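Below you'll find the structure, written out as structure tokens, and then a few comments.
The values are calculated or read from the model by the stated rules, or taken from the named source; none is laboratory data. Computed from a predicted structure; not experimentally measured. Quick reminder, even Gly has a Cβ in these numbers, built from the backbone with ideal geometry, and neighbours come from all protein chains shown. What goes into the accessible areas is simple: the full protein's heavy atoms, side chains included, and nothing from ligands, DNA or RNA. Shrake-Rupley method; radii C 1.70, N 1.55, O 1.52, S 1.80 Å.
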Amino acid sequence: MAFATSSTLTDRLKKYRRFHKVCKPPLASGIITRMVGLTLEAVGLKVAIGHACQIQLSSNSVSGEPRYVDAEVVGFNNQLTYLMPVGKIEGLQPGAKVLPVGNHQSIALGEHLRGRIINGLGVPIDNKGPIAMQDGGRRHPHTINPLHRHPVDQPLDVGVRAINSLLTVGKGQRLGLFAGSGVGKSVLMGMMTRFTQADIVVVGLIGERGREVKEFVDHILGAEGLQKAVVVASPADEAPLMRLRAAQLATQIAESFRDQGKDVLLLMDSLTRFGQAQREIALAIGEPPATRGYPPSVFSKIPELVERAGNAETGGGSITAFYTVLTEGDDLQDPIADSARAILDGHIVLSRALAEEGVYPAIDVEASISRVMPNIVPPNQLKDAQRFKQLLARFKANRDLIAIGAYKRGSDPDIDAAIERFPHLRKFLSQSMTEPALYAQCQAQLSAVLNGNAGAGNAEQGNPSKNSAPGANPAANAKAMPPKTKPANKARARPRPKAKTKARRPLDRR
């Protein structure tokens with residue numbers, strides 16, 4: 001035999017290597033030893049960070065079958081492995097078995113996701129049937145070389161007049177919607193979802209109230225908007241790891257459509273809840289807090305998520321992303337808000353004062369900025385936008401003087417122009433939630449408002465003598481006469497009391 005010619009055991013085993021079937025080594029299971037808050041400590045596991053596991057819970061009282069909950073490895077300390085459950089852990093017992101999962105299940109990406117509503121795991125919650133799943137999948141894809149990204153050089157029509165004309169958005173830009181609670185950010189998101197000229201819209205509702213999910217889908221998004229949208233929802237009552245996965249899944253879906261060469265609009269509400277979920281996980285595994293209770297990992301997770309959006313390589317698709325940022329107490333210096341403002345390509349601030357005055361969408365154009373606008377709009381539009389902001393700022397700076405009548409017309413030409421155009425500026429910013437504003441029309445309307453062509457009837461009503469010839473308005477001239485005659489009457493009446501007193505003095509002496 002050929003095997004007898006080999007003199008050593010090693011040489012003989014090499015002959016059989018080609019007949020040996022390579023298989024993966026078995027994964028060792030572990031047991032739960034401790035539970036502290038949201039963190040589960042296990043021993044006996046040899047798995048990497050981010051690996052998926054299943055934890056055995058108590059048996060079902062009806063069927064008697066064991067139940068399992070998904071978990072993820074979030075840290076380790078010597079022989080201890082820290083796990084974070086994805087779902088609820090009711091029925092967890094000391095010494096529960098932990099089983100590593102070889103390949104985690106992920107949702108199959110494609111056109112079949114249009115019009116669907118799913119959770120952070122990709123499971124549908126809209127009662128429209130199951131969605132195909134696949135083994136593996138990339139939750140953290142490779143980043144695009146910044147030198148290979150296509151620059152932002154084309155405007156994107158979002159259907160909102162104030163944004164199209166004064167804060168123009170470009171394809172592949174990433175902006176933040178900074179607002180407090182109850183200012184109208186959800187309504188603004190719904191308007192952009194319905195009106196934006198994009199191939200598909202991906203909406204991520206992260207950490208919001210469960211009631212708002214249905215309201216956003218039924219009333220704000222509507223049936224028309226849902227047809228070209230994919231909604232990923234993870235309400236506030238779900239585990240923090242589920243909220244993190246929902247944000248990552250929404251970005252992953254947007255990336256898959258961008259890889260197909262499509263223009264994608266990504267709306268995530270909110271980036272603040274994403275950071276708070278990471279804070280809960282980091283504090284649970286012992287990471288020390290830094291800025292206002294936020295661990296350092298929060299400020300590394302936000303850029304990691306945001307940088308996945310944007311343009312692909314030249315010739316590919318784009319992801320234009322809007323991230324809402326909650327400002328607690330309308331404080332724009334919140335750590336999450338400050339970090340997001342530094343990493344994003346612009347920010348749109350919603351003002352509570354404007355919302356209280358009934359101006360919707362309540363966009364504060366003075367505090368907002370689009371950093372790519374100078375590169376994507378013609379010079380005349382950029383000049384008109386700057387003039388619009390100047391007039392609005394002049395009027396607001398002198399509002400008190402104008403209200404009490406202390407300002408005199410003609411003292412400052414810029415203030416005079418601001419007073420004359422302010423009603424039209426305010427009307428230009430207001431827009432109905434069912435009224436789309438096309439990008440080309442917004443440019444013409446902005447120029448007309450500044451040049452006095454828009455709302456000419458209102459302008460004449462507010463200032464009747466502005467465009468009329470002298471003496472053409474007798475009513476106005478008649479109203480102007482009394483202020484001139486009153487001082488003269490007072491001047492004539494002043495000597496009379498003195499004459500009376502002089503006549504009385506001789507009578508008193510007698």
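Going by what's in this entry, would V325 be described as among the β-branched types (V, I, T) and closer than 27 Å to V187 by Cβ?
Values: among the β-branched types (V, I, T): yes; closer than 27 Å to V187 by Cβ: yes.
For V325, the condition - among the β-branched types (V, I, T) and closer than 27 Å to V187 by Cβ - is met.
For region 258-303, the candidate set comprises residues that are in a strand (DSSP E or B) and out of contact with any Gly (no Cβ under 9 Å at 6 or more places or on another chain); within that set, the residue that is most open to solvent (accessible area, probe 1.4 Å) is T291.
Scan the helices (runs of 4 or more DSSP H) fully inside region 109-224 and keep the ones with 1 or more residues being within 19 Å of A309 (Cα to Cα). Explain how you work it out, then say what you get.
Working: elements: 161-166, 185-195, 210-215.
It comes to 185-195.
Scanning region 344-373 for residues that are modelled with pLDDT under 95 and part of a helix (DSSP H, G or I) turns up R352, A353, L354, A355, E356.
Just wondering, is there one or more residues in region 68-79 that are open to solvent by 40 Å² or more (accessible area, probe 1.4 Å) and small (G, A, S)? The answer is no, given that none of the residues of region 68-79 is open to solvent by 40 Å² or more (accessible area, probe 1.4 Å) and small (G, A, S). Here D199 clears all of (1) closer than 19 Å to K171 by Cα; (2) surrounded by 22 or more Cβ atoms within 10 Å (Cβ to Cβ) except the condition numbered (2). Entry remark, region 225-255: residues being basic (K, R), outside any loop (DSSP other than H, G, I, E, B) and out of contact with any helix residue (DSSP H, G or I) (no Cβ under 8 Å at 6 or more places or on another chain) number 1 in total. Restricting G204, G182 to those that are surrounded by fewer than 18 Cβ atoms within 10 Å (Cβ to Cβ), in contact (Cβ under 8 Å) with a residue 60 or more places away in the chain and either under 16 Å from the mean Cα position of the chain (by Cα) or closer than 15 Å to M268 by Cβ (or both) reduces the list to G182. Restricting attention to region 275-333, the residues that are at pLDDT below 90 and under 16 Å from Q248 (Cα atoms) total 0.
Taking interchain pairs and intrachain pairs at least six residues apart, which have beta carbon atoms under 9 angstrom, with the first residue in region 315-333 and on the phi > 0 side of the Ramachandran plot and the second open to solvent by 10 Å² or more (accessible area, probe 1.4 Å)? Partner pairs satisfying both residue conditions: G315/H150; G315/G261; D330/S351; D330/R352.
Residue-by-condition table, conditions (1) touching a Gly at 6+ places or on another chain (Cβ under 9 Å); (2) modelled with pLDDT of 95 or more; (3) within 27 Å of L188 (Cβ to Cβ); (4) not in a helix (DSSP H, G or I):
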{"residue": "I402", "(1), (2), (3), (4)": "no, no, no, no"}
{"residue": "R409", "(1), (2), (3), (4)": "no, no, no, yes"}
{"residue": "D414", "(1), (2), (3), (4)": "no, no, no, no"}
{"residue": "I419", "(1), (2), (3), (4)": "no, no, no, no"}
{"residue": "P423", "(1), (2), (3), (4)": "yes, no, yes, no"}
{"residue": "R426", "(1), (2), (3), (4)": "no, no, yes, no"}
{"residue": "T434", "(1), (2), (3), (4)": "no, no, yes, yes"}
{"residue": "V449", "(1), (2), (3), (4)": "yes, no, yes, no"}
{"residue": "N453", "(1), (2), (3), (4)": "no, no, no, yes"}
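Hey, among D384, D412, which residue is over 20 Å from I163 (Cβ atoms) and either open to solvent by less than 40 Å² (accessible area, probe 1.4 Å) or of a type outside the set (V, I, T) (or both)? Break it down into steps so the answer makes sense when it comes.
Details: D384 fails: over 20 Å from I163 (Cβ atoms).
D412 is the lone residue from the list that is over 20 Å from I163 (Cβ atoms) and either open to solvent by less than 40 Å² (accessible area, probe 1.4 Å) or of a type outside the set (V, I, T) (or both).
Could you please let me know if G91 is modelled with pLDDT under 90, within 27 Å of R279 (Cβ to Cβ) and surrounded by fewer than 20 Cβ atoms within 10 Å (Cβ to Cβ)? Show your work before the answer.
Values: modelled with pLDDT under 90: yes; within 27 Å of R279 (Cβ to Cβ): no; surrounded by fewer than 20 Cβ atoms within 10 Å (Cβ to Cβ): yes.
Considered against the rule, which asks whether it is modelled with pLDDT under 90, within 27 Å of R279 (Cβ to Cβ) and surrounded by fewer than 20 Cβ atoms within 10 Å (Cβ to Cβ), G91 comes out as no.
Pairs linking a residue in region 386-397 that is touching a residue at least 60 places away in the same chain (Cβ under 8 Å) to a residue that is open to solvent by 40 Å² or more (accessible area, probe 1.4 Å) and not polar (S, T, N, Q), with Cβ atoms under 8 Å and 6 or more positions apart or on different chains, are K389/E366. What do you reckon, is D364 touching a residue at least 24 places away in the same chain (Cβ under 8 Å), open to solvent by less than 50 Å² (accessible area, probe 1.4 Å), of a type in the set (D, E, K, R) and under 27 Å from L265 (Cβ atoms)? Criteria not met by D364.
So how many residues does region 223-254 have that are charged (D, E, K, R) and closer than 13 Å to L113 by Cβ? Please lay out each step first, then the result.
First, the residues of region 223-254 that are charged (D, E, K, R): 224, 228, 237-238, 243, 245.
Among the residues that remain, those that are also closer than 13 Å to L113 by Cβ are: 228.
Matching residues across region 223-254 total 1.
In region 414-437, of all residues being among the aliphatic types (A, V, I, L, M) and touching a residue at least 40 places away in the same chain (Cβ under 8 Å), the one that is farthest from A448 (Cα to Cα) corresponds to M433. Quick one: in region 12-46, of everything that is modelled with pLDDT under 90 and of a type in the set (A, V, I, L, M), which residue is surrounded by the fewest Cβ atoms within 10 Å (Cβ to Cβ)? Selected residue: V22. Of the conditions (1) open to solvent by 30 Å² or more (accessible area, probe 1.4 Å); (2) at pLDDT 85 or above; (3) among the small types (G, A, S), S61 fails just one. Which one is it? Answer for S61: the failing condition is (2).
Go through region 303-359 and count every residue that is of a type in the set (S, T, N, Q) and within 14 Å of the chain's Cα centre (by Cα). Let's see the steps before the verdict.
Residues of region 303-359 of a type in the set (S, T, N, Q): 311, 314, 318, 320, 324, 327, 333, 339, 351.
Right, trim to within 14 Å of the chain's Cα centre (by Cα) and you get 320, 324, 327, 339.
Result for region 303-359: 4.
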